[in-house]
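Student: Sharing a structure below in structure tokens format, with a few things to ask.
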Amino acid sequence: MSDDIPFDKNLDVVPDKVDEPVPGVRRVMADNPGPFTFKGTMSYIIGRGKVAIVDPGPNDPRHLSALLDAVRGETVTHIFVTHTHHDHSPGVPRIKAATGATVYAEGPHRAARPLHIGEHNPLDASADRDFKPDIALADGAVVEGDGWSIEAVATPGHTANHMAFAWREKNILFAGDHVMAWATSIVAPPDGAMSDYMASLNKLARRTESLYFPGHGPAIKDAPRFVNYYILHRKAREESILHRLGKGATDIPSIVRAIYIGIDPRLVGAAGLSVLAHMEDLVARGLVETDGAPSIDGVYRLAEGAGRLAG
Ligand SMILES: [Zn+2]
């Protein structure tokens with residue numbers, strides 16, 4: 001289902017070894033490979049001398065030591081956090097304690113909406129509920145450092161508090177998990193919301209940054225074009241769901257079986273939540289109906305008049 005996006009899985013990076021993919025941007029990848037993290041979480045270092053770190057990563061002593069080694073003899077003045085998933089933010093306390101840097105992010109973890117899916121939620125352990133920024137950033141806020149200025153770009157969708165960071169002088173965006181070169185982003189309730197996610201993609205598509213450094217995987221070149229592929233992919237997924245409903249499917253598990261052919265079995269739970277995220281959006285837009293609030297085990301049908309859209 002995803003071969004429409006020109007994915008790039010070429011990543012020649014050794015875990016916990018610093019490299020400098022473009023002048024002024026260094027990265028250290030944590031050794032936490034997996035179906036959601038690709039080869040590992042990327043921590044980035046901005047500038048030289050007085051630097052900022054984007055996403056300290058998981059609370060893995062080897063990774064955090066490698067990150068501190070990479071900036072030995074320099075001063076870390078700022079820590080930026082894209083979002084509060086366990087592979088991005090739990091390393092913050094140690095890096096802050098070691099450096100005295102100030103922590104900037106949109107805010108603490110919160111759900112996109114209240115949702116009680118209990119043990120159905122395979123992503124439940126993914127949230128870092130202990131995180132609190134020193135300074136909460138609003139969309140468009142600019143933070144000045146030594147030789148760099150970073151603009152906060154609110155990009156809710158993957159999580160409600162997701163924020164990308166634009167390095168204005170270099171026309172580079174640190175994209176977090178919102179857009180990645182190696183795979184689509186997970187948009188799953190209760191953390192994520194599809195209507196927010198699509199709005200955030202459209203927002204990025206209008207921006208000028210041509211090079212993205214994501215939370216996982218290689219850099220994205222020609223980024224606005226890549227973002228448009230992401231938008232088209234989600235629209236195609238939505239069409240598939242409407243098509244399945246038009247053919248008589250009524251529940252999320254059968255839709256997942258029909259449209260996620262050959263999926264990694266470890267991702268089936270996330271795929272169900274992703275379809276739920278689409279259902280929430282489709283119900284909100286009046287294209288699909290269900291009884292009560294959209295839920296993972298809900299019964300769904302096309303709304304009156306939506307059938308022609310399902311083709
Ligand atoms: Zn994440």
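Student: Rg/Rh for the stretch 237-310 to two decimals, with Rh computed the Kirkwood way over all alpha-carbon pairs.
Tutor: Rg divided by Rh gives 0.94.
Student: Still on this structure, I have one more. Would you pull out the residues with amide H under 5 Å of G145's amide H, same chain only if 5 or more places away, H placed 1.01 Å from N?
Tutor: Under 5 Å from the amide H of G145: I150.
Student: Another question about this same structure. Please work out the ratio of the alpha-carbon Rg of the chain to 2.2 N^0.38 Å and round it to two decimals.
Tutor: 1.00
Student: Whole-Hz Karplus ³J(HN,Hα) for the stretch 34-50, in order, using 6.51 cos²θ - 1.76 cosθ + 1.60 and θ = phi - 60°, x for Gly and Pro?
Tutor: Working through the residues one at a time gives x, x, 9, 10, 6, 8, x, 7, 8, 9, 10, 10, 9, x, 8, x, 10 Hz.
Student: Would you mind checking which residues have amide H under 5 Å from V103's amide H? H placed 1.01 Å from N; only 5 or more apart, or other chain.
Tutor: Under 5 Å from the amide H of V103: I79, D134, I135.
Student: Considering the options L67, F131, G147, tell which one lies farthest towards the positive end of the dipole of the chain, charges being +1 on Lys and Arg and -1 on Asp and Glu at the Cβ, about the Cα centre.
Tutor: So the residue furthest toward the plus end is G147.
Student: Using the crude model of +1 on Lys and Arg Cβ and -1 on Asp and Glu Cβ, and no other charge, please compute the dipole size for the stretch 19-231 relative to its Cα centre, in debye to 20.
Tutor: Dipole magnitude for the stretch 19-231 comes out near 320 debye.
Student: Which ³J(HN,Hα) values in Hz, rounded to whole numbers, follow from the phi angles of the stretch 228-239 under the Karplus curve 6.51 cos²θ - 1.76 cosθ + 1.60, where θ = phi - 60° and Gly and Pro get x?
Tutor: Result, ordered by residue: 5, 4, 4, 5, 4, 4, 5, 5, 5, 4, 4, 4 Hz.
Student: Give the order of V142, V268, V179 when sorted by the count of other beta carbons within 10 angstrom, beginning with the fewest.
Tutor: Going from least to most buried by this count: V142, V268, V179.
Student: Applying a 10 Å radius around every beta-carbon, put 18-24, 210-216, 188-194 in order of their mean neighbour count, most first.
Tutor: For the peptides 18-24, 210-216, 188-194, the packing ranking is 188-194, 210-216, 18-24.
Student: Charges on Cβ only, +1 for Lys and Arg, -1 for Asp and Glu, centred on the Cα centroid of the stretch 150-309; of G246, L273, F226, which one is farthest towards the dipole's positive end?
Tutor: The residue sitting farthest along the positive end of the dipole is F226.
Student: Report the local net charge at F38: Lys and Arg +1, Asp and Glu -1, summed over other residues whose C-beta lies under 15 Å from its C-beta.
Tutor: -3
Student: Report, in deg cm²/dmol and to the nearest 500, the calculated mean residue ellipticity at 222 nm for the chain, where each DSSP H run with n ≥ 4 adds -39500 (n - 2.57) and the sum is divided by the residue count.
Tutor: -8500 deg cm²/dmol
Bear in mind that the values in this text are calculations on the coordinates, not laboratory data. Treat the numbers as computed from the prediction; the structure is a model and nothing was measured. In this analysis, Cβ positions are derived from the backbone assuming ideal geometry, glycine residues included, and neighbour counts consider all displayed protein chains.
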